[in-house]
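Each remark here refers to the structure printed beneath this line.
The values are calculated or read from the model by the stated rules, or taken from the named source; none is laboratory data. If you're wondering where the values come from, they're calculated on a predicted model, not measured in any experiment. Cβ coordinates were reconstructed from backbone atoms using ideal geometry, including for glycine residues, and neighbour counts include every protein chain displayed.
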Amino acid sequence: MKSIDQFYINGKFVRPHGTEIFDLISPVTQSLLGKVTLGDITDTRNAISAAKAAFNSFSKTSKEERIHYLEKMHDAIQKRKPELIEAMVMEYGGPLQFSSASTQNALDSIAANIEVLKHFDMERKIGRSTVMLHPIGVVGIITPWNASNGFICSKLSTAIAAGCTSVIKPSEMSAMQTQLLAECLHEAGLPDGVFNIVNGLGSVVGAEITSNSDIAKISFTGSTAVGKTIARDGAQTIKRITLELGGKSPNIIMEDANFADAIPLSVAAGFMNSGQACTAATRLLVPESRFAEAKILITEAVAKIKVGNPEDTDTNIGPMVSKKQYDRVQSYIRTGIEEGAEILTGGPGHPIGLEGGNFVKPTVFVNVTNNMRIAREEIFGPVLSVLTYKTEEEAISIANDTVYGLAAYIQATDMEKAYRVATQLESGRVTINGFKQDPMVPFGGFKQSGLGREYGTYGLEEYLEPKAILY
């Protein structure tokens, strides 16, 4: 059993002031993996003070210096990549194939920020005036448990690129992963106070970060409900806020699509990260004229998906992160049945032989209408809702009929038509034929999927405050 009783504040691993203990439970076996000491307001304020003091000098560093720090950060994480993957598999239950990709995404986000910074002008001439872009200040970084280190690396590397210092509150459920990442960042030799990490509850550490007047900006990834609280409470001190929130992403299979390829790909997109992904394509829209064919292919595709030990290289779906999350997903499956949707495959309960962990049967509902809760609310598990449409216009209407707008997907052979549909979808990202990740282009949501953007130049500008000098 691992005991995590240190935070990282002002360049050192320190003992917490807080005393509350949180148990880390294996999602695979329900056994105790470790215990983590949670921070309190004192720990959080200490971290904020360290970041504030470090900002005075770090904000004045050159682009070249910050690029050097990012390169060291990248190299230190790359060196321990296998350990970081292993920790994600064990603590979170992420399948090995996803955990490997997620860790690579973390590295790619740092590399992307290096490239962005190389070509980014912090001072620009506009007419006869000059616009200077200043680091915004101390950034509060609050991250969830479903890709913990990936979120920390993307947000922290952006803050460093901008010349900001940070206080990081990861999910308390990711403490083992965070501890290992902190060791990597310490080895990178970043200046004292540039990043600080406090494990703790959102209601304690997160609330202090949100309300503290020395925090200039918050970058949060998590649920829409919590995002609304952060936006409300952060407004008291006029914080700049970036929110990457929930999603109920549509995936439109066009009538001309090659269903033999599009259906397996669409099922995988719906179940990505064991369904615990804000970008998961959980609403599958198929043409009514090909619905019978789609049902056969969906059933065949799901039958090939392996649910099981996340350490196995061929596992596609691992356990839910916690018993609470397992119960949430089960509740939604029961709700779908009560609402009159038909289970095509899967259903309530554990898969046979996996009763000891938080494992869910990959479940597909058909005969779903877009007013059902299973089609409107983010479930965060391997549950896919299949809806039908008659025309292209109806498909677009169904896709946009949601409070969310984080991601959307289209499967087609006619690229011109697919692009035309993509331009009409109310979503921060639209991917045609597959699931693609590009850390150079903006990521964020329309509507209640968030505020602001991350990645690339758009993401970097969220950490900078423009000042115009007129003469």
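Only one of 301, 281, 294 is assigned to a loop (DSSP other than H, G, I, E, B) and touching a helix residue (DSSP H, G or I) at 6+ places or on another chain (Cβ under 7 Å); which?
Sole residue among the options that is assigned to a loop (DSSP other than H, G, I, E, B) and touching a helix residue (DSSP H, G or I) at 6+ places or on another chain (Cβ under 7 Å): 281.
Are there helices (runs of 4 or more DSSP H) fully within the range 13-95 with at least 2 residues that are farther than 16 Å from residue 178 by Cβ and in contact (Cβ under 8 Å) with a residue 24 or more places away in the chain? List them.
Output list reads 41-58, 63-79.
Can you pull out every residue in the range 124-144 that is under 21 Å from residue 45 (Cα atoms) and of a type in the set (Val, Ile, Thr)?
136, 138, 139, 141, 142, 143, listed by residue number.
Residues that are among the polar types (S, T, N, Q), at least 2 per element: which helices (runs of 4 or more DSSP H) completely within the range 349-423 meet that?
392-400
Taking the range 177-213, which residues are assigned to a helix (DSSP H, G or I) and either under 18 Å from the mean Cα position of the chain (by Cα) or at positive phi (or both)?
Matches in the range 177-213: 177, 178, 181, 202, 206.
Would you mind stating whether residue 172 is of a type in the set (Asp, Glu) and either closer than 25 Å to residue 20 by Cβ or crowded, with 21+ Cβ neighbours inside 10 Å (or both)?
So residue 172 fits the description; yes.
Which ones in the range 307-330 are surrounded by 15 or more Cβ atoms within 10 Å (Cβ to Cβ), of a type outside the set (Val, Ile, Thr) and outside any helix (DSSP H, G or I)?
308, 309, 310, 311, 316, 318, 319, 320, 322
Give me the strands (runs of 3 or more DSSP E) completely within the range 103-174, filtered to those with at least 3 residues that are touching a residue at least 12 places away in the same chain (Cβ under 8 Å) and touching a helix residue (DSSP H, G or I) at 6+ places or on another chain (Cβ under 8 Å), ordered by residue number.
138-142, 165-169
Return the pairs, sorted by first residue and then second, in which the second residue is among the basic types (Lys, Arg), the first residue lies in the range 445-471 and is assigned by TED's automatic domain parsing to the domain that holds residue 130, the beta carbons are less than 6 Å apart, and the residues are 6+ apart or on different chains.
Pairs that qualify, where the first residue is assigned by TED's automatic domain parsing to the domain that holds residue 130 and the partner is among the basic types (Lys, Arg), are 459/453.
State which residue is farthest from residue 144 (Cα to Cα) when the search covers only the range 231-257 and only residues that are aliphatic (A, V, I, L, M) and either at pLDDT below 95 or under 17 Å from the mean Cα position of the chain (by Cα) (or both).
Per the stated criteria, the residue is 241.
Checking the conditions here, which among 333, 337 is without any contact (Cβ under 8 Å) to a residue 24 or more places away in the chain and either surrounded by 13 or more Cβ atoms within 10 Å (Cβ to Cβ) or in the same structural domain as residue 100 (by TED's automatic domain parsing) (or both)?
Answer to the selection: 337.
Looking at residue 303, is it more than 28 Å from residue 32 (Cβ to Cβ), exposed (fewer than 15 other Cβ atoms within 10 Å of the Cβ) and among the aliphatic types (A, V, I, L, M)?
Taking the combined requirement at face value, the residue satisfies it.
Out of all the residues in the range 196-214, is one or more within 18 Å of residue 47 (Cα to Cα) and either free of Cβ contacts under 8 Å to residues at least 12 places away in the same chain or touching a Cys at 6+ places or on another chain (Cβ under 8 Å) (or both)?
yes
Is it the case that residue 223 is closer than 30 Å to residue 274 by Cα, of a type in the set (S, T, N, Q), under 20 Å from the mean Cα position of the chain (by Cα) and buried (at least 24 other Cβ atoms within 10 Å of the Cβ)?
no
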